[in-house]
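A.B. asks: Take this structure, written in C-alpha coordinates, and hold onto it; I'll ask about it next.
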Amino acid sequence: MTQIAQPVPPTAQPFRRNLAIEVAGLVRTFQNGQQAVRAVDGVDLQVESGSIYALLGPNGAGKTTTINILTTLIPPTSGLARVGGFDVVKEAAQVRRIIGATFQETVVDKNLSGRDTLDTHGRLYHLPKSLIKSRIAELTKLVELEEAIDRATKTYSGGMKRRLELARGLMTQPQVLFLDEPTQGLDPHNRDRIWTYIRQLKAEQGLTILLTTHYMEEAEQLADRVGIIDYGKIVKSGTPEELIGALGEDVVTIFGSGDTGRLLASLRQQPFVDWASEYSTGETPGEDSLAKPVSPSIQVGLKEQAGKSLRPIVELAEQAGFKIADLSIKRPSLNDVFLKYTGRRLRD
(Lines give C-alpha, C1' and ligand atoms only; values in the text may rest on other atoms or scores of the structure.)
Protein backbone atom coordinates (compact mmCIF):
# COMPACT_ATOMS: atom_id res chain seq x y z
CA MET A 1 0.00 0.00 0.00
CA THR A 2 1.46 3.35 -1.03
CA GLN A 3 1.80 5.83 1.81
CA ILE A 4 0.39 9.22 0.81
CA ALA A 5 1.62 12.32 2.57
CA GLN A 6 -0.89 14.09 4.79
CA PRO A 7 -1.94 17.61 3.75
CA VAL A 8 -1.36 20.68 5.87
CA PRO A 9 -4.92 21.86 6.58
CA PRO A 10 -6.03 25.48 6.46
CA THR A 11 -6.75 27.07 9.81
CA ALA A 12 -10.38 26.45 10.72
CA GLN A 13 -12.58 27.72 13.49
CA PRO A 14 -12.63 25.42 16.52
CA PHE A 15 -15.57 23.04 16.69
CA ARG A 16 -16.93 20.61 19.22
CA ARG A 17 -15.55 17.20 20.17
CA ASN A 18 -13.11 16.83 17.31
CA LEU A 19 -15.92 16.80 14.79
CA ALA A 20 -15.03 16.72 11.11
CA ILE A 21 -18.67 17.24 10.11
CA GLU A 22 -21.31 18.99 12.17
CA VAL A 23 -24.90 19.36 10.98
CA ALA A 24 -27.83 20.74 12.97
CA GLY A 25 -31.42 21.23 11.86
CA LEU A 26 -30.52 20.98 8.18
CA VAL A 27 -33.44 21.61 5.80
CA ARG A 28 -33.54 21.77 2.01
CA THR A 29 -36.77 22.33 0.12
CA PHE A 30 -37.41 22.17 -3.61
CA GLN A 31 -40.37 23.62 -5.45
CA ASN A 32 -42.43 21.04 -7.32
CA GLY A 33 -45.04 23.08 -9.13
CA GLN A 34 -47.14 24.69 -6.42
CA GLN A 35 -45.82 22.35 -3.73
CA ALA A 36 -42.66 22.74 -1.64
CA VAL A 37 -40.96 19.37 -1.13
CA ARG A 38 -38.58 18.83 1.79
CA ALA A 39 -35.77 16.66 0.44
CA VAL A 40 -33.86 17.14 3.72
CA ASP A 41 -36.05 17.64 6.76
CA GLY A 42 -34.23 18.66 9.94
CA VAL A 43 -31.14 16.46 9.73
CA ASP A 44 -28.76 16.42 12.71
CA LEU A 45 -25.42 14.77 12.11
CA GLN A 46 -22.03 14.58 13.82
CA VAL A 47 -19.03 12.78 12.34
CA GLU A 48 -15.87 12.33 14.38
CA SER A 49 -12.53 13.02 12.71
CA GLY A 50 -10.88 9.88 11.36
CA SER A 51 -14.13 7.88 11.28
CA ILE A 52 -16.41 6.45 8.60
CA TYR A 53 -20.06 7.45 8.76
CA ALA A 54 -22.68 5.86 6.48
CA LEU A 55 -26.00 7.40 5.56
CA LEU A 56 -28.15 4.34 4.88
CA GLY A 57 -31.44 4.66 3.07
CA PRO A 58 -33.37 4.04 -0.14
CA ASN A 59 -33.27 6.18 -3.27
CA GLY A 60 -35.04 9.48 -2.67
CA ALA A 61 -34.39 9.47 1.08
CA GLY A 62 -32.34 12.69 1.01
CA LYS A 63 -28.84 11.19 0.99
CA THR A 64 -27.56 12.87 -2.17
CA THR A 65 -29.13 16.22 -1.29
CA THR A 66 -27.32 16.12 2.07
CA ILE A 67 -24.02 15.34 0.31
CA ASN A 68 -24.62 18.17 -2.17
CA ILE A 69 -25.11 20.64 0.69
CA LEU A 70 -22.01 19.47 2.57
CA THR A 71 -19.88 19.72 -0.59
CA THR A 72 -21.22 23.28 -1.21
CA LEU A 73 -22.96 22.38 -4.48
CA ILE A 74 -26.32 23.66 -3.20
CA PRO A 75 -27.17 25.84 -0.19
CA PRO A 76 -29.44 24.66 2.62
CA THR A 77 -32.82 26.27 3.04
CA SER A 78 -32.12 26.51 6.76
CA GLY A 79 -29.94 24.94 9.43
CA LEU A 80 -26.22 24.72 10.17
CA ALA A 81 -23.60 22.65 8.36
CA ARG A 82 -19.87 22.78 9.01
CA VAL A 83 -17.07 20.70 7.52
CA GLY A 84 -13.66 20.83 9.15
CA GLY A 85 -14.95 23.73 11.24
CA PHE A 86 -15.94 25.79 8.19
CA ASP A 87 -19.49 26.88 7.48
CA VAL A 88 -20.59 25.41 4.12
CA VAL A 89 -22.41 28.64 3.19
CA LYS A 90 -20.30 31.43 4.67
CA GLU A 91 -16.94 29.71 4.13
CA ALA A 92 -17.64 27.61 1.06
CA ALA A 93 -14.22 28.25 -0.51
CA GLN A 94 -12.44 26.98 2.59
CA VAL A 95 -14.65 23.89 2.65
CA ARG A 96 -13.78 23.09 -0.98
CA ARG A 97 -10.06 23.22 -0.18
CA ILE A 98 -10.28 20.44 2.41
CA ILE A 99 -12.73 18.00 0.82
CA GLY A 100 -12.75 15.39 -1.90
CA ALA A 101 -15.85 13.83 -3.41
CA THR A 102 -17.20 11.22 -5.77
CA PHE A 103 -20.80 11.40 -6.85
CA GLN A 104 -23.51 8.91 -7.68
CA GLU A 105 -23.26 9.39 -11.42
CA THR A 106 -19.91 8.48 -12.97
CA VAL A 107 -18.53 11.61 -14.65
CA VAL A 108 -15.36 11.14 -16.69
CA ASP A 109 -14.48 12.44 -20.15
CA LYS A 110 -14.44 9.31 -22.30
CA ASN A 111 -11.82 10.78 -24.64
CA LEU A 112 -9.31 11.59 -21.91
CA SER A 113 -6.91 9.03 -20.51
CA GLY A 114 -6.94 8.26 -16.82
CA ARG A 115 -3.72 10.22 -16.43
CA ASP A 116 -5.15 13.27 -18.21
CA THR A 117 -8.26 13.08 -16.02
CA LEU A 118 -6.19 13.27 -12.84
CA ASP A 119 -3.80 15.87 -14.29
CA THR A 120 -6.68 18.15 -15.28
CA HIS A 121 -8.20 17.89 -11.82
CA GLY A 122 -4.90 18.77 -10.18
CA ARG A 123 -4.42 21.80 -12.43
CA LEU A 124 -7.96 23.02 -11.72
CA TYR A 125 -6.95 23.13 -8.06
CA HIS A 126 -3.67 24.91 -8.92
CA LEU A 127 -1.46 22.12 -7.62
CA PRO A 128 2.23 22.39 -8.60
CA LYS A 129 3.23 20.24 -11.60
CA SER A 130 5.68 18.21 -9.54
CA LEU A 131 2.99 17.44 -6.93
CA ILE A 132 0.47 16.48 -9.61
CA LYS A 133 2.96 14.05 -11.11
CA SER A 134 3.77 12.42 -7.76
CA ARG A 135 0.12 12.26 -6.73
CA ILE A 136 -0.86 10.56 -9.97
CA ALA A 137 1.85 7.94 -9.44
CA GLU A 138 0.80 7.33 -5.82
CA LEU A 139 -2.94 7.21 -6.46
CA THR A 140 -2.66 5.10 -9.60
CA LYS A 141 -0.88 2.50 -7.52
CA LEU A 142 -3.41 2.82 -4.70
CA VAL A 143 -6.40 2.06 -6.95
CA GLU A 144 -4.53 -0.47 -9.07
CA LEU A 145 -4.79 1.31 -12.42
CA GLU A 146 -1.10 1.29 -13.40
CA GLU A 147 -1.69 -0.71 -16.57
CA ALA A 148 -4.67 1.36 -17.70
CA ILE A 149 -3.76 4.89 -16.64
CA ASP A 150 -2.68 5.99 -20.14
CA ARG A 151 -5.68 4.48 -21.92
CA ALA A 152 -8.79 6.47 -22.86
CA THR A 153 -11.41 6.12 -20.14
CA LYS A 154 -13.96 4.98 -22.74
CA THR A 155 -12.12 1.64 -22.60
CA TYR A 156 -12.56 1.39 -18.80
CA SER A 157 -15.04 -0.93 -17.12
CA GLY A 158 -17.51 0.45 -14.60
CA GLY A 159 -15.31 -0.66 -11.73
CA MET A 160 -12.23 1.00 -13.25
CA LYS A 161 -14.12 4.28 -13.69
CA ARG A 162 -15.19 4.16 -10.04
CA ARG A 163 -11.60 3.59 -8.95
CA LEU A 164 -10.43 6.46 -11.17
CA GLU A 165 -13.05 8.73 -9.61
CA LEU A 166 -11.86 7.73 -6.15
CA ALA A 167 -8.29 8.65 -7.17
CA ARG A 168 -9.54 11.98 -8.53
CA GLY A 169 -11.33 12.70 -5.25
CA LEU A 170 -8.04 12.12 -3.41
CA MET A 171 -5.85 14.26 -5.70
CA THR A 172 -6.04 17.31 -3.45
CA GLN A 173 -5.18 15.37 -0.26
CA PRO A 174 -8.53 16.08 1.41
CA GLN A 175 -9.24 15.98 5.11
CA VAL A 176 -12.80 14.79 4.49
CA LEU A 177 -13.93 12.51 1.66
CA PHE A 178 -17.57 12.31 0.52
CA LEU A 179 -18.62 9.19 -1.37
CA ASP A 180 -22.15 9.16 -2.80
CA GLU A 181 -23.17 5.54 -3.51
CA PRO A 182 -19.52 4.60 -4.23
CA THR A 183 -20.26 1.01 -5.32
CA GLN A 184 -23.63 1.41 -7.03
CA GLY A 185 -23.87 -0.82 -10.08
CA LEU A 186 -20.61 -2.65 -9.41
CA ASP A 187 -20.22 -6.41 -9.36
CA PRO A 188 -19.22 -8.05 -6.04
CA HIS A 189 -15.52 -8.22 -6.99
CA ASN A 190 -15.21 -4.51 -7.77
CA ARG A 191 -17.35 -3.61 -4.78
CA ASP A 192 -14.98 -5.50 -2.53
CA ARG A 193 -11.99 -3.67 -4.02
CA ILE A 194 -13.58 -0.28 -3.33
CA TRP A 195 -14.30 -1.41 0.24
CA THR A 196 -10.63 -2.34 0.64
CA TYR A 197 -9.47 1.10 -0.50
CA ILE A 198 -11.90 2.84 1.85
CA ARG A 199 -10.66 0.81 4.82
CA GLN A 200 -7.05 1.57 3.91
CA LEU A 201 -7.68 5.30 3.62
CA LYS A 202 -9.09 5.36 7.13
CA ALA A 203 -6.51 3.03 8.69
CA GLU A 204 -3.37 4.45 7.08
CA GLN A 205 -4.25 8.11 6.63
CA GLY A 206 -6.88 8.78 9.28
CA LEU A 207 -9.19 10.17 6.59
CA THR A 208 -12.73 11.09 7.61
CA ILE A 209 -15.25 9.55 5.21
CA LEU A 210 -18.97 10.15 4.84
CA LEU A 211 -20.60 7.75 2.41
CA THR A 212 -24.15 7.20 1.31
CA THR A 213 -25.45 3.76 0.45
CA HIS A 214 -28.57 1.66 0.12
CA TYR A 215 -26.55 -1.53 0.62
CA MET A 216 -26.93 -2.86 4.16
CA GLU A 217 -23.79 -4.95 3.95
CA GLU A 218 -21.76 -1.92 2.86
CA ALA A 219 -22.83 0.04 5.93
CA GLU A 220 -22.22 -2.93 8.23
CA GLN A 221 -18.79 -3.68 6.78
CA LEU A 222 -17.38 -0.15 6.56
CA ALA A 223 -19.04 2.28 8.94
CA ASP A 224 -18.09 3.20 12.49
CA ARG A 225 -21.53 4.80 12.77
CA VAL A 226 -24.66 4.55 10.65
CA GLY A 227 -27.47 7.05 10.23
CA ILE A 228 -30.70 5.55 8.89
CA ILE A 229 -32.34 8.19 6.71
CA ASP A 230 -35.84 8.10 5.27
CA TYR A 231 -38.01 10.87 3.80
CA GLY A 232 -35.30 13.42 4.60
CA LYS A 233 -35.04 12.55 8.29
CA ILE A 234 -32.47 10.54 10.23
CA VAL A 235 -34.73 8.19 12.13
CA LYS A 236 -32.01 6.33 14.05
CA SER A 237 -28.24 6.41 14.37
CA GLY A 238 -25.53 4.46 16.16
CA THR A 239 -22.84 1.89 15.56
CA PRO A 240 -23.94 -1.10 13.48
CA GLU A 241 -23.50 -3.29 16.55
CA GLU A 242 -25.68 -1.00 18.70
CA LEU A 243 -28.45 -0.78 16.11
CA ILE A 244 -28.56 -4.52 15.41
CA GLY A 245 -28.06 -5.52 19.05
CA ALA A 246 -31.04 -3.42 20.12
CA LEU A 247 -33.34 -5.64 18.03
CA GLY A 248 -33.02 -8.59 20.38
CA GLU A 249 -32.21 -12.23 19.63
CA ASP A 250 -34.03 -13.37 16.48
CA VAL A 251 -36.30 -12.00 13.77
CA VAL A 252 -39.23 -14.13 12.60
CA THR A 253 -40.75 -13.42 9.19
CA ILE A 254 -44.33 -14.61 8.69
CA PHE A 255 -45.70 -14.94 5.16
CA GLY A 256 -49.43 -15.44 4.86
CA SER A 257 -52.86 -13.88 4.50
CA GLY A 258 -55.67 -12.82 6.78
CA ASP A 259 -56.29 -10.22 9.46
CA THR A 260 -52.81 -8.75 9.75
CA GLY A 261 -53.95 -5.87 11.94
CA ARG A 262 -55.40 -8.20 14.54
CA LEU A 263 -52.30 -10.40 14.52
CA LEU A 264 -49.97 -7.40 14.84
CA ALA A 265 -51.98 -6.08 17.80
CA SER A 266 -51.75 -9.47 19.51
CA LEU A 267 -48.03 -9.84 18.84
CA ARG A 268 -47.20 -6.39 20.19
CA GLN A 269 -48.84 -7.29 23.52
CA GLN A 270 -46.61 -10.33 24.10
CA PRO A 271 -43.76 -10.02 26.61
CA PHE A 272 -41.37 -11.94 24.31
CA VAL A 273 -41.95 -9.53 21.35
CA ASP A 274 -39.77 -6.43 21.03
CA TRP A 275 -41.40 -5.09 17.85
CA ALA A 276 -43.65 -6.19 14.99
CA SER A 277 -44.16 -4.58 11.58
CA GLU A 278 -46.13 -5.31 8.43
CA TYR A 279 -44.76 -4.93 4.92
CA SER A 280 -45.63 -6.07 1.42
CA THR A 281 -43.22 -8.35 -0.33
CA GLY A 282 -42.68 -10.16 -3.57
CA GLU A 283 -39.31 -11.46 -2.45
CA THR A 284 -38.08 -15.01 -2.32
CA PRO A 285 -37.96 -16.35 1.27
CA GLY A 286 -34.68 -17.11 3.01
CA GLU A 287 -32.69 -20.31 2.62
CA ASP A 288 -34.53 -21.93 5.54
CA SER A 289 -37.92 -21.24 3.94
CA LEU A 290 -39.90 -23.70 1.84
CA ALA A 291 -43.05 -22.06 0.53
CA LYS A 292 -43.61 -19.17 -1.86
CA PRO A 293 -44.25 -15.90 0.02
CA VAL A 294 -47.70 -14.38 0.09
CA SER A 295 -48.23 -10.64 0.50
CA PRO A 296 -48.68 -9.05 2.99
CA SER A 297 -46.10 -10.29 5.48
CA ILE A 298 -45.07 -9.59 9.06
CA GLN A 299 -41.69 -9.39 10.75
CA VAL A 300 -41.36 -9.89 14.49
CA GLY A 301 -38.32 -8.97 16.58
CA LEU A 302 -37.97 -11.28 19.57
CA LYS A 303 -36.42 -10.60 22.95
CA GLU A 304 -35.39 -14.25 23.18
CA GLN A 305 -34.34 -16.99 20.80
CA ALA A 306 -37.11 -18.05 18.43
CA GLY A 307 -37.28 -21.66 19.63
CA LYS A 308 -39.42 -20.74 22.62
CA SER A 309 -41.67 -18.36 20.71
CA LEU A 310 -42.69 -20.15 17.53
CA ARG A 311 -45.58 -22.11 19.01
CA PRO A 312 -47.14 -19.04 20.70
CA ILE A 313 -46.77 -17.08 17.42
CA VAL A 314 -48.54 -19.82 15.46
CA GLU A 315 -51.32 -19.98 18.05
CA LEU A 316 -51.75 -16.19 17.97
CA ALA A 317 -52.02 -16.31 14.18
CA GLU A 318 -54.74 -18.96 14.36
CA GLN A 319 -56.67 -16.92 16.92
CA ALA A 320 -56.37 -13.79 14.76
CA GLY A 321 -57.61 -15.53 11.63
CA PHE A 322 -54.26 -15.23 9.88
CA LYS A 323 -53.28 -18.22 7.72
CA ILE A 324 -49.51 -18.81 7.75
CA ALA A 325 -48.13 -19.91 4.38
CA ASP A 326 -44.46 -19.79 5.37
CA LEU A 327 -42.28 -18.82 8.31
CA SER A 328 -38.55 -18.14 8.54
CA ILE A 329 -36.06 -17.26 11.28
CA LYS A 330 -32.84 -15.26 11.09
CA ARG A 331 -30.50 -13.07 13.08
CA PRO A 332 -31.26 -9.32 12.94
CA SER A 333 -29.65 -7.11 10.27
CA LEU A 334 -29.62 -3.42 9.42
CA ASN A 335 -32.52 -4.11 7.09
CA ASP A 336 -34.53 -5.15 10.14
CA VAL A 337 -33.44 -1.96 11.93
CA PHE A 338 -34.72 0.02 8.97
CA LEU A 339 -38.00 -1.89 9.02
CA LYS A 340 -38.50 -1.34 12.73
CA TYR A 341 -38.06 2.44 12.54
CA THR A 342 -39.70 3.13 9.18
CA GLY A 343 -42.27 0.37 8.81
CA ARG A 344 -40.86 -0.84 5.46
CA ARG A 345 -37.93 -2.80 4.17
CA LEU A 346 -34.92 -0.92 2.82
CA ARG A 347 -35.10 -2.66 -0.56
CA ASP A 348 -38.75 -1.70 -1.18
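The values are calculated or read from the model by the stated rules, or taken from the named source; none is laboratory data. For clarity, every value in this text was computed on a predicted model and none was experimentally measured. Don't worry about glycine lacking a Cβ; one is built from the backbone with ideal geometry, like all the others, and counts go over all protein chains shown.
A.B. asks: For segment 329-348, name all the residues that are modelled with pLDDT of 75 or more and within 17 Å of Thr260 (Cα to Cα). I'd like the intermediate steps shown before the answer.
C.D. replies: Restricting attention to segment 329-348, the residues satisfying the condition of being modelled with pLDDT of 75 or more are 329-342.
Within segment 329-348, Leu339, Lys340 meet the criteria.
A.B. asks: Another question, if that's okay. Taking Ser237 as meeting all but one of (1) buried (at least 18 other Cβ atoms within 10 Å of the Cβ); (2) modelled with pLDDT under 85, write down the number of the exception.
C.D. replies: (2)
A.B. asks: I need the full set of residues from segment 189-220 which are modelled with pLDDT of 90 or more, of a type in the set (S, T, N, Q) and in contact with a helix residue (DSSP H, G or I) (Cβ under 6 Å, 6 or more places away or on another chain), in order please.
C.D. replies: Thr212, Thr213
A.B. asks: Please count how many residues of segment 200-224 are within 18 Å of Glu181 (Cβ to Cβ) and in contact (Cβ under 8 Å) with a residue 12 or more places away in the chain.
C.D. replies: Within segment 200-224, residues that are within 18 Å of Glu181 (Cβ to Cβ) and in contact (Cβ under 8 Å) with a residue 12 or more places away in the chain number 15.
A.B. asks: Something else now. Quick test of your reading of the structure: Gly60 fulfils all but one of (1) surrounded by 16 or more Cβ atoms within 10 Å (Cβ to Cβ); (2) not in a strand (DSSP E or B). Name the failing condition by number.
C.D. replies: (1)
A.B. asks: Just to be sure before I move on: is Ala320 at pLDDT below 90, in contact with a strand residue (DSSP E or B) (Cβ under 8 Å, 6 or more places away or on another chain), of a type outside the set (S, T, N, Q) and not assigned by TED's automatic domain parsing to the domain that holds Leu222 in the structure I sent? Working first, answer last.
C.D. replies: Numbers: at pLDDT below 90: no; in contact with a strand residue (DSSP E or B) (Cβ under 8 Å, 6 or more places away or on another chain): yes; of a type outside the set (S, T, N, Q): yes; not assigned by TED's automatic domain parsing to the domain that holds Leu222: yes.
No, not satisfied.
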